[in-house]
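The values are calculated or read from the model by the stated rules, or taken from the named source; none is laboratory data. Predicted model, so just to flag it, every value in this text is computed and none were measured. Cβ placement follows ideal geometry from the backbone for every residue including glycine, while neighbour counts extend to all protein chains displayed. Just so you know, the surface numbers come from the protein's heavy atoms only, side chains and all, with ligands and any DNA or RNA stripped out. Shrake-Rupley method; radii C 1.70, N 1.55, O 1.52, S 1.80 Å.
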Amino acid sequence: MRIHHRARCLAAAGLAVATATAAQAPSGAAAERCAALPGEADPALGVEHAAWVPAGPLASQRPGAPEIVLPAHCRVTGAMARRTGVGGREFAIGYELRLPAVWNGRFLFQGGGGMDGQVNPAVGTITGTGGPVALARGYAVVATDSGHTGSIVDATFGADQQARIDYGYNALDKVTAAAKALIRRNYGKAPHHSYFVGCSNGGRQALTAAQRLPTQFDGIVAGHPTLRFSRVALDEVWNLGVLARIAPRDAAGHPLLAKAFSDAELQEVKTRLLKRCDARDGLPDGLIYDWQGCDFDPAMAQCKPGETGACLSKAKADALRELMRGPRTSDGRIVYGPFNYDTGIAGPAWRGMRLGSAETGAPNAADATLGLGQLRWFQLTPPDPDYDPWQPMDLETMLARVAPTAMLADADNPFLSTFVGHGKLIAYNGLSDQGMASSELARWFESALAASGRQAKDAMRLYLVPGMTHCGGGEATDRFEMLDAIVDWVEKDVAPGRIVAQTSAAPKISRPLCPWPKYARYTGGDTASAASFECVE
């Protein structure tokens, strides 16, 4: 038996070596097929270049980021529907498709970020995972620039009607069809399952795929989705006016938004928030799991008579409450929000989003740059490059002005009867997300369950992550594996329940992420272990 076992081990090792060798140096048929793709593919697919890439590190990686090692693969680049648009600007739907030598039969669409405008390396980056990228797992992966070129904060393409349509949803449709056609051409067969994974705008694209392309994907993971994109923009610019009321002014009378709240004041808010809500889940550990039961109010951080230090003035407490409540119409209808109180309020992500660091009256907070820019050029119809963010905002009027683009790019349609008939969807959001309100995603999720038939409850899951800021970071268990979870659900019918998450920084702890509306409650035992928590309502 020992000999047979050793023989099996040697055979397995030999197979692994052979597989690795095939992945690293298949210089024959696979490379030849790759080189032939531009000439053989349908010209409408716009294939411009195809080259064989040997196994090794990804060439373009962020300094300091963990090294991404890729298998041998064919890298295909293309641009469809080239045209000259408004103002003589050149447009096309650009994409990159990577086809691994050792293919697992699956296709993955990698979502974008911000206003897109760039084709990111189609390696299958998955927010939150500590594992290898999807390409290294054997997936064929595609990414797109969504139909225009520019930085991820540049929304000037919104002056062009077709560019708005492409960014909203059309590029997803066209690139999905092109990628599947090229996969069939390269491998001689279609993928047996198709997946979409994205965060932020990529999360919006993921929900858009479920809503507008319901037969094209079997499994979808939507992280931190900007599902009500038009209203996110309204909230971001509306915030500027709230902060301007409490911010000191420069010599010219411009508000210094970065000084509206000091770091010490925000830290004091966090301290009192934790004192109020941290132990509600059974363990005072700096993570607020029972976020719906948290009844913190900024008045609890307000200075009492005679109190000094980092406590808040009444004006600042009122402004913070208004920011977290979100904009509402004159008759009380929610425009966007509310945001829940969580530990990220004292972190750099919240400051970067709301306040920035500018020492002058030219704010550099994301609300005043990305938010204002996309409102002016993309959300408002027609575009209004001179829109004054400091004027009082008439929310009823502004909702009417963003409505046409909302129909193109918002991803809040709850009717998913076709998709849930065959596919599965996981959505998640960080409870300290500085820009996306978890309540918005929870409300959409509940409405989708109600609108999409009885089978929806067996096809959708929502997870909310305490402390996690936008697409990762924060004092949070922000490392978890959603791709494996969706694949197991789609292909093995193993529905996700608790998903164990770990911290990305020491000390290492684990916690369960619980499917909505449950949350993790401590039941006793090792406080660093997920096994010491149960999911409760």
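So how many residues does region 434-446 have that are open to solvent by less than 10 Å² (accessible area, probe 1.4 Å) and in a loop (DSSP other than H, G, I, E, B)?
2
So, in region 313-333, of the ones that are within 31 Å of the chain's Cα centre (by Cα) and among the basic types (Lys, Arg), which residue ends up surrounded by the fewest Cβ atoms within 10 Å (Cβ to Cβ)? Reasoning before the result, please.
First pass over region 313-333, keeping only residues within 31 Å of the chain's Cα centre (by Cα): 316-329, 332-333.
Applying the additional criterion that residues be among the basic types (Lys, Arg) yields 316, 321, 325, 328, 333.
On the way: LYS316: 22, ARG321: 15, ARG325: 13, ARG328: 16, ARG333: 11.
So, considering only residues that are within 31 Å of the chain's Cα centre (by Cα) and among the basic types (Lys, Arg), the one surrounded by the fewest Cβ atoms within 10 Å (Cβ to Cβ) is ARG333.
Does TRP377 satisfy the condition of being open to solvent by less than 40 Å² (accessible area, probe 1.4 Å) and farther than 29 Å from PRO214 by Cα? Full working, then the answer.
On the way: open to solvent by less than 40 Å² (accessible area, probe 1.4 Å): no; farther than 29 Å from PRO214 by Cα: yes.
So TRP377 does not fit the description; no.
Go through region 437-488 and count every residue that is over 21 Å from the mean Cα position of the chain (by Cα) and touching a residue at least 40 places away in the same chain (Cβ under 8 Å).
The number of residues fulfilling the criteria is 1.
Does TYR95 qualify as being buried (at least 17 other Cβ atoms within 10 Å of the Cβ), of a type in the set (Phe, Trp, Tyr) and farther than 29 Å from THR477 by Cβ?
Working: buried (at least 17 other Cβ atoms within 10 Å of the Cβ): yes; of a type in the set (Phe, Trp, Tyr): yes; farther than 29 Å from THR477 by Cβ: yes.
Criteria met by TYR95.
Against the definition (open to solvent by less than 20 Å² (accessible area, probe 1.4 Å) and either farther than 19 Å from ARG204 by Cβ or assigned to a loop (DSSP other than H, G, I, E, B) (or both)), how does ASP166 come out, yes or no?
Working: open to solvent by less than 20 Å² (accessible area, probe 1.4 Å): yes; either farther than 19 Å from ARG204 by Cβ or assigned to a loop (DSSP other than H, G, I, E, B) (or both): no.
No; evaluated as a whole, the condition is false for this residue.
Pick from region 487-522 the residues that are among the basic types (Lys, Arg) and surrounded by fewer than 20 Cβ atoms within 10 Å (Cβ to Cβ): which of them is farthest from PHE196 (Cα to Cα)?
Filtering region 487-522 down to residues among the basic types (Lys, Arg) leaves 492, 498, 508, 511, 518, 521.
Now narrow it down to the ones that are surrounded by fewer than 20 Cβ atoms within 10 Å (Cβ to Cβ): 492, 498, 508, 518, 521.
Working: LYS492: 18, ARG498: 22, LYS508: 30, LYS518: 25, ARG521: 31 Å.
Looking at the filtered set, the residue picked out is ARG521.
Within region 395-404, take every residue that is more than 12 Å from ASP384 (Cβ to Cβ) and touching a residue at least 40 places away in the same chain (Cβ under 8 Å) and give me the one that is farthest from the chain's Cα centre (by Cα).
Restricting to residues being more than 12 Å from ASP384 (Cβ to Cβ) and touching a residue at least 40 places away in the same chain (Cβ under 8 Å), the top hit is GLU396.
Are there any helices (runs of 4 or more DSSP H) wholly within region 178-278 with 2 or more residues that are more than 19 Å from the chain's Cα centre (by Cα) and small (Gly, Ala, Ser), and if so which?
On the way: elements: 201-212, 229-244, 263-277.
The helices (runs of 4 or more DSSP H) meeting that bar are 229-244.
Are there any pairs, at least 6 apart or on different chains, whose C-beta atoms fall under 7 Å, with the first in region 134-161 and within 17 Å of SER230 (Cβ to Cβ) and the second among the acidic types (Asp, Glu) and open to solvent by less than 20 Å² (accessible area, probe 1.4 Å), and if so, which?
What qualifies is SER146/ASP116; SER146/ASP166.
Yes or no: region 524-537 includes at least one residue that is within 19 Å of the chain's Cα centre (by Cα), open to solvent by less than 30 Å² (accessible area, probe 1.4 Å), at pLDDT 95 or above and not charged (D, E, K, R).
Filtering region 524-537 for residues within 19 Å of the chain's Cα centre (by Cα) gives none.
Looking for residues that are within 19 Å of the chain's Cα centre (by Cα), open to solvent by less than 30 Å² (accessible area, probe 1.4 Å), at pLDDT 95 or above and not charged (D, E, K, R), one finds none in region 524-537, hence no.
Sort out which residues of region 355-373 are crowded, with 24+ Cβ neighbours inside 10 Å and touching an Asp or Glu at 6+ places or on another chain (Cβ under 6 Å), and write them in order of number.
Result: ASP367, GLY371.
Quick check on my filter: what residues within region 472-482 are under 15 Å from GLY203 (Cα atoms) and either among the hydroxyl-bearing types (Ser, Thr, Tyr) or at pLDDT 95 or above (or both)? Working first, answer last.
Our first condition is that a residue be under 15 Å from GLY203 (Cα atoms); within region 472-482, this holds for 472, 482.
Within region 472-482, MET482 is the sole residue that qualifies.
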